[in-house]
Amino acid sequence: MKSGAPKPKASPPRRPRPADPGREEIHLSPREWDPENQAGKLLEVLPKSGSVLVTSHDNPDPDALASCMALQHLIRARTSLKPRIAIGGILGRAENQALSLELELDLYPIDILEYQRWDGIVMVDAQPGAGNSNLPRSMPIVAVIDHHPQRQPLDLPFVDIRPDYGASATIAVEYLRAQEVEWDTKLATALYYAIKSETQDLGRRVAEADRRAHFALFDSVDWELMHRITKAKIPGDYFALFQRGIASARLFGNALIADLGEIPTPDACAEIADFLLRHEQVTRSLVLGRYEDQIVFSIRFTRSDLDAGLIASSLARDFGTGGGHDQMAGGRIELARTRLDQVESIKDVIVQRFVEMVGVAQYRPGLPLLSADVSETGSASP
Ligand SMILES: [Mn+2]
């Protein structure tokens, strides 16, 4: 099966940058844009023999998992290498656990890095130094394939970063098609689910390439398997999470901010931030939580006048790391033991920075979501 040649895409017009978060620049590695041959170039930079590892960001989401699977499949099909997939953190959301179980993913913990020599590491849906991966810099990274905006220069043998794409899985689909490597129903279902969830059913930050990949996969999807993933049974504490999210949420004009307290998985904040964003008056959400010895937060925007990734990075400044896309982003702050008593004050700083950056500081201290009279809190749109 050969794909139609993906056309080079003009980069989208840049939005005005927020005043403060604009201090970080976006770097782009020069690349000869030849989408048909990107997969070929990737295969060329891999070692001819030895151990190859495919990895992604910590606490992987469906896009990270499916992209790892696809690259492992591609490399197995076109070389004599037998790459392994290793991930850091945990599989949080029930859907992600179902994906891993149903597809019988052979995932190694990222600690595997320490126990043997690696000849080449392929990173997908993530970039070294981006803050959401603890991959040591000394590791022999040979390739980065991602759709997150590139925030720092990467001097690596192969870099393919397409920030206009909705999902890294879409890039992986293009690689498979360009190399004429077939997918089975499991891989197709994983990739389809990745594109579907990452773009919220092709509704959020989606490119023509994502739609093409979506339709290319469609006939290969196992829909019963898909159902078992998307409608996975959820544990009881999931409901408590929503209760805490709603009970703690405060409305600041067009922004909702919630603090979940202790969370069962690091991606809980993202899930509640997505949920709160559906409020009819709200175009921005920020959700914080505490996972083990980390403060984690997620940001979601429905408006695209500010870059959520840059704001996330500014929120975490001096404490930890943050980043992401223009409308979905997050960060984490690792707490040294001596700072455990500072959790609340650090969370306060994050909230105060957020309300100032998104222009809702005048609504402080905010109104409780459940008793808020929306007619008195100001209009959501300018
Ligand atoms: Mn992704």
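The values are calculated or read from the model by the stated rules, or taken from the named source; none is laboratory data. Owing to the predicted nature of the structure, the values given are computational and were not obtained by experimental measurement. Glycine gets a Cβ as well: all are built from the backbone with ideal geometry, and neighbour counts include every protein chain shown.
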Within the stretch 58-74, the count of residues that are over 16 Å from Ala167 (Cβ atoms) and within 16 Å of the ligand (Cβ to nearest atom) comes to 2
Consider Gly166 carefully, then state whether it is at pLDDT 95 or above, within 16 Å of the ligand (Cβ to nearest atom) and assigned to a loop (DSSP other than H, G, I, E, B).
-> yes
Top-ranked residue of the stretch 142-158 - restricted to ones that are within 16 Å of the ligand (Cβ to nearest atom) and either surrounded by fewer than 22 Cβ atoms within 10 Å (Cβ to Cβ) or modelled with pLDDT under 95 (or both), ranked as farthest from Asp201 (Cα to Cα) | Arg151
Members of the stretch 129-141 found to be over 18 Å from Pro60 (Cβ atoms) and either within 15 Å of the ligand (Cβ to nearest atom) or of a type in the set (S, T, N, Q) (or both), listed by number | Ser138
Hey, Gly4 within 16 Å of the ligand (Cβ to nearest atom) and at pLDDT below 95 or not = no
Give the residue, chosen from Arg284, Arg204, Arg290, that is without any contact (Cβ under 8 Å) to a residue 60 or more places away in the chain, in contact with a strand residue (DSSP E or B) (Cβ under 9 Å, 6 or more places away or on another chain) and not hydroxyl-bearing (Ser, Thr, Tyr).
-> Arg290
Return yes or no: is Arg244 farther than 19 Å from Leu91 by Cα, among the charged types (D, E, K, R) and not assigned by TED's automatic domain parsing to the domain that holds Gly88?
-> yes
Within the stretch 247-271, how many residues turn out to be touching a Leu at 6+ places or on another chain (Cβ under 6 Å) and in a helix (DSSP H, G or I)?
-> 1
Is it the case that some residue within the stretch 86-106 is in a helix (DSSP H, G or I) and in contact with an Asp or Glu (Cβ under 8 Å, 6 or more places away or on another chain)?
-> yes
Residue selected from the stretch 249-304 under the condition over 18 Å from the mean Cα position of the chain (by Cα) and acidic (Asp, Glu), by the criterion surrounded by the fewest Cβ atoms within 10 Å (Cβ to Cβ) = Glu280
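Residue-wise test of (1) touching a His at 6+ places or on another chain (Cβ under 9 Å); (2) modelled with pLDDT under 95; (3) within 12 Å of the ligand (Cβ to nearest atom).
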position	(1), (2), (3)
Trp183	yes, no, no
Tyr193	no, no, no
Thr199	yes, yes, yes
Arg211	no, no, no
His214	no, no, no
Filter the stretch 322-365 down to residues that are in contact with a helix residue (DSSP H, G or I) (Cβ under 7 Å, 6 or more places away or on another chain) and farther than 30 Å from Gly166 by Cβ and give me whichever is modelled with the lowest pLDDT.
-> Leu335
Unmet criterion (only one of (1) more than 26 Å from Lys196 (Cα to Cα); (2) out of contact with any Lys or Arg (no Cβ under 8 Å at 6 or more places or on another chain)) for Ser133 = (1)
Mind checking whether some residue in the stretch 115-122 is at pLDDT below 95, charged (D, E, K, R), over 20 Å from Arg211 (Cα atoms) and out of contact with any Pro (no Cβ under 7 Å at 6 or more places or on another chain)?
-> yes
Across the stretch 43-72, the tally of residues that are surrounded by fewer than 23 Cβ atoms within 10 Å (Cβ to Cβ) and part of a helix (DSSP H, G or I) stands at 3
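Per-residue answers, yes or no, for (1) within 15 Å of the ligand (Cβ to nearest atom); (2) assigned to a loop (DSSP other than H, G, I, E, B):
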{"site": "Arg76", "(1), (2)": "no, no"}
{"site": "Lys82", "(1), (2)": "no, yes"}
{"site": "Gln127", "(1), (2)": "yes, yes"}
{"site": "Ala172", "(1), (2)": "yes, no"}
